[in-house]
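Participant: The following block contains the structure, expressed as structure tokens.
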């Protein structure tokens, strides 16, 4: 079932390793199955080099396995919560990418000091609560934090990044850009005092980016 | 039209990814078409792995598309402005490379504390103004800053790098070296107090490098 | 003899280079030969690109060569000591991975400020004593430190990492994750004050990870 | 002439790029031709991907070209000076590797806080004088500094690394290890106060490493 979605999810994990966002097995991508109350996610503890489309796990939106040979990611409950509560979201990525997780360990949002952040995140990247894995706590923290922000990524305190998008590829892009700006802003903080971009310029940049960047819809 | 220039521009984007200067789609290379009031540039929002010579966009020097299937880079207006006002320039590179952008976020020029900087940049790498994308503001800031300096690269405040050269390959080299010296000087600042090179030695190094480095003209 | 173990040990060295844990020849993997008082280890000073299964050295648990064309790693005595005193351990990895070795050079344990550390290490990663190579001093320091901790990795002061596991692959995973969390916690310390995870939450995370992460036993 | 030496020198440049020691064309390897007053060195300004054995340049020990189609490295005078004054040296590497060059920009020797440094360098890595390129000044500074040290590498102030060895491969190893320890010690300095290794332990480690590491001579 759902071979196309499985293939997309399996292949997008290659972006996590290629961009240095994950170590060993510590990150995952999921996708909502279009038109169904189902998601496709990485199996737990399986190395990225062993991920095939057939190894992906299909779950319902409460995290129960519907189809798959393997146990799903231990983060499945968090992904499922987000899909239940954010119907506009079609893909989710979770990583412990190093610079973003450093901000998360300090409980500090990433300040908007780069035009690329204004473009992609519409302002700072916010911090969500500390939450234990296993129930709805992480998902609830992700959703609550994202709802108070224009950012498609949230830094979960002492943990790492959850990034969302209308498609799984958009969520991967948000996770990649989150680490990129987390690194540049970290380097800027080491150097001196990065200058914030005035709020109205952040708005202008974000609005223009959403309207004018990339190719027009086909 | 202009297949050679398209091929060069498409291939030079591989240097941006290979040297770690760009994330996702956030940087671009352009070239002036020799003898014409035209430029060739990356299409907007297209991933580096999908760039072919045929995907490059030909624009006039006001950024209007002359030939190409895709919308051009959202930075085209800035490139076009530079080509209009600096006739000696044949190539331009724009990146958000992380160490250089950290200096840009702090609004600090990179001080000349390395002989390699004296060689390539003839002194510090200067900071240009904060400018919004879309009109002539970025291009005007790039040109004004480069005219006051021997450096082929400028750090646009809260944004990133614009690097220029007589050829697109020379502009790519300037962008690569800009990030390289931005990193080493950042590391030196973390360690202690990097010692400036006396101005007259900077001049000697720069003059010698321009005269004697590399292979004699064919 | 023991071709399977030799093959595993030779191949696991590729994880050390692939994850950036080693420079030139400065790290090694060993495995206990199941059911025998023997270990298999890297030859001394041989580059990773030249490691074949046949180049691995078989030693007894006092570090004496039993079979092999090459001299064994100069760290063999330390590995052998650990196998003699920790019968549950089936694999050992030694590296000078950069972030972890920076903590070791400062003689500071890595504090548990990340859920991934609670998961994998069950708390902080401890520091072992400064010890000279060649006799039992390093092995003794490794064993004494690991016995006082739930961590499968120890930072030997002014030296580097020893990581252990029930299998050599598990030891490699511990070495990879040790560098990963050493980096993120280092970055967090540069940024501000990373917040410790309360001890009881560390226990809950570690217990759950050991019980529920990954695939159930076949 | 000297095809074997040319091949070795050309191939060793791949170690510089593979270990991240160089950007664009900013580093070089040379070898003494055994039994001759000649050296083989990289051509100036040629990219690493274009280096073939045939492109290497043969010079005498005053830097004059004896054979080759290309102009030799602009650092040839420095290499030649070292070969003239250190007859035991068979290979030299010059880089601007980032962490080592950061120490050089600050004019600080790298302190011996790692057993790997005691092993390879026998103590701190010393700083040589600021010197302009083109005459004997750089070579003189390299030789004077190396003679006062057991280290096979020197940090030339505001410039970069010169590393030497009995063979060109040994010089490459010294350059790789220099950057490796420059990075770890830099990270340790950011973290806190790295603890020096007592001088007598440095001696013991260095002596043992020279006697016992690696494979016995054939």
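The values are calculated or read from the model by the stated rules, or taken from the named source; none is laboratory data. These numbers were taken from a predicted model, which means no experiment stands behind them. Every residue, glycine as well, gets a Cβ built from its backbone with ideal geometry; the counts of neighbours run over all protein chains shown.
Participant: Among the residues of the stretch C:67-81, are any away from every other protein chain (no Cβ under 12 Å), part of a loop (DSSP other than H, G, I, E, B) and either under 16 Å from residue C:42 (Cβ atoms) or modelled with pLDDT under 95 (or both)?
Facilitator: Within the stretch C:67-81, not a single residue is away from every other protein chain (no Cβ under 12 Å), part of a loop (DSSP other than H, G, I, E, B) and either under 16 Å from residue C:42 (Cβ atoms) or modelled with pLDDT under 95 (or both).
Participant: Let me ask something else about it. Of all residues in the stretch D:168-180, which are under 16 Å from residue B:184 (Cα atoms) and within 9 Å of chain C (Cβ to nearest Cβ)?
Facilitator: Matches in the stretch D:168-180: D:179, D:180.
Participant: Then there is this: For the stretch C:111-123, name all the residues that are part of a loop (DSSP other than H, G, I, E, B) and within 14 Å of chain A (Cβ to nearest Cβ).
Facilitator: C:111, C:112, C:113, C:114, C:123, listed by residue number.
Participant: Which condition from (1) crowded, with 17+ Cβ neighbours inside 10 Å; (2) under 21 Å from residue B:91 (Cα atoms); (3) more than 9 Å from chain D (Cβ to nearest Cβ) is the one that residue B:150 breaks?
Facilitator: Single failed check for residue B:150: (1).
Participant: In the stretch C:152-172, what residues are touching a helix residue (DSSP H, G or I) at 6+ places or on another chain (Cβ under 8 Å) and in a helix (DSSP H, G or I)?
Facilitator: C:168, C:169, C:172, listed by residue number.
Participant: From the set of residues in the stretch C:12-35 that are touching a residue at least 12 places away in the same chain (Cβ under 8 Å) and surrounded by fewer than 17 Cβ atoms within 10 Å (Cβ to Cβ), which is farthest from residue C:72 (Cα to Cα)?
Facilitator: Per the criteria, the residue is C:20.
Participant: Looking only at the stretch B:12-55, how many residues end up being part of a helix (DSSP H, G or I) and in contact with a helix residue (DSSP H, G or I) (Cβ under 8 Å, 6 or more places away or on another chain)?
Facilitator: The total comes to 10.
Participant: Pick from A:152, A:168, A:198: which is in contact with a strand residue (DSSP E or B) (Cβ under 6 Å, 6 or more places away or on another chain) and without any contact (Cβ under 8 Å) to a residue 40 or more places away in the chain?
Facilitator: Unique residue meeting the criteria: A:152.
Participant: Could you pull out the residue among B:5, B:40, B:66 that is under 20 Å from residue B:139 (Cα atoms) and crowded, with 16+ Cβ neighbours inside 10 Å?
Facilitator: Among B:5, B:40, B:66, only B:40 is under 20 Å from residue B:139 (Cα atoms) and crowded, with 16+ Cβ neighbours inside 10 Å.
Participant: Next question, about the same structure. Can we say residue D:45 is at positive phi and surrounded by 19 or more Cβ atoms within 10 Å (Cβ to Cβ)?
Facilitator: Considered against the rule, which asks whether it is at positive phi and surrounded by 19 or more Cβ atoms within 10 Å (Cβ to Cβ), residue D:45 comes out as no.
Participant: Only one of B:134, B:107 is closer than 30 Å to residue D:104 by Cα, more than 11 Å from the chain's Cα centre (by Cα), within 12 Å of chain A (Cβ to nearest Cβ) and surrounded by fewer than 22 Cβ atoms within 10 Å (Cβ to Cβ); which?
Facilitator: B:107
Participant: So, in the stretch A:197-215, exactly how many residues are touching a helix residue (DSSP H, G or I) at 6+ places or on another chain (Cβ under 9 Å), more than 7 Å from chain B (Cβ to nearest Cβ) and surrounded by fewer than 17 Cβ atoms within 10 Å (Cβ to Cβ)?
Facilitator: Residues that pass the stated criteria total 2.
Participant: Report, by residue number, each residue of the stretch B:137-147 that is in contact with a helix residue (DSSP H, G or I) (Cβ under 8 Å, 6 or more places away or on another chain) and surrounded by fewer than 19 Cβ atoms within 10 Å (Cβ to Cβ).
Facilitator: Within the stretch B:137-147, just B:140 meets the criteria.
Participant: How many residues, within the stretch A:181-190, are at the interface with chain B (Cβ under 7 Å from one of its Cβ atoms), surrounded by 20 or more Cβ atoms within 10 Å (Cβ to Cβ) and without any contact (Cβ under 8 Å) to a residue 60 or more places away in the chain?
Facilitator: The qualifying residues number 1.
Participant: So which of D:183, D:204, D:195 ends up being farther than 20 Å from residue C:188 by Cβ and part of a helix (DSSP H, G or I)?
Facilitator: D:204
Participant: Hey, any hits in the stretch A:78-95 for a residue that's buried (at least 24 other Cβ atoms within 10 Å of the Cβ), within 24 Å of residue C:20 (Cα to Cα) and touching a helix residue (DSSP H, G or I) at 6+ places or on another chain (Cβ under 9 Å)?
Facilitator: yes
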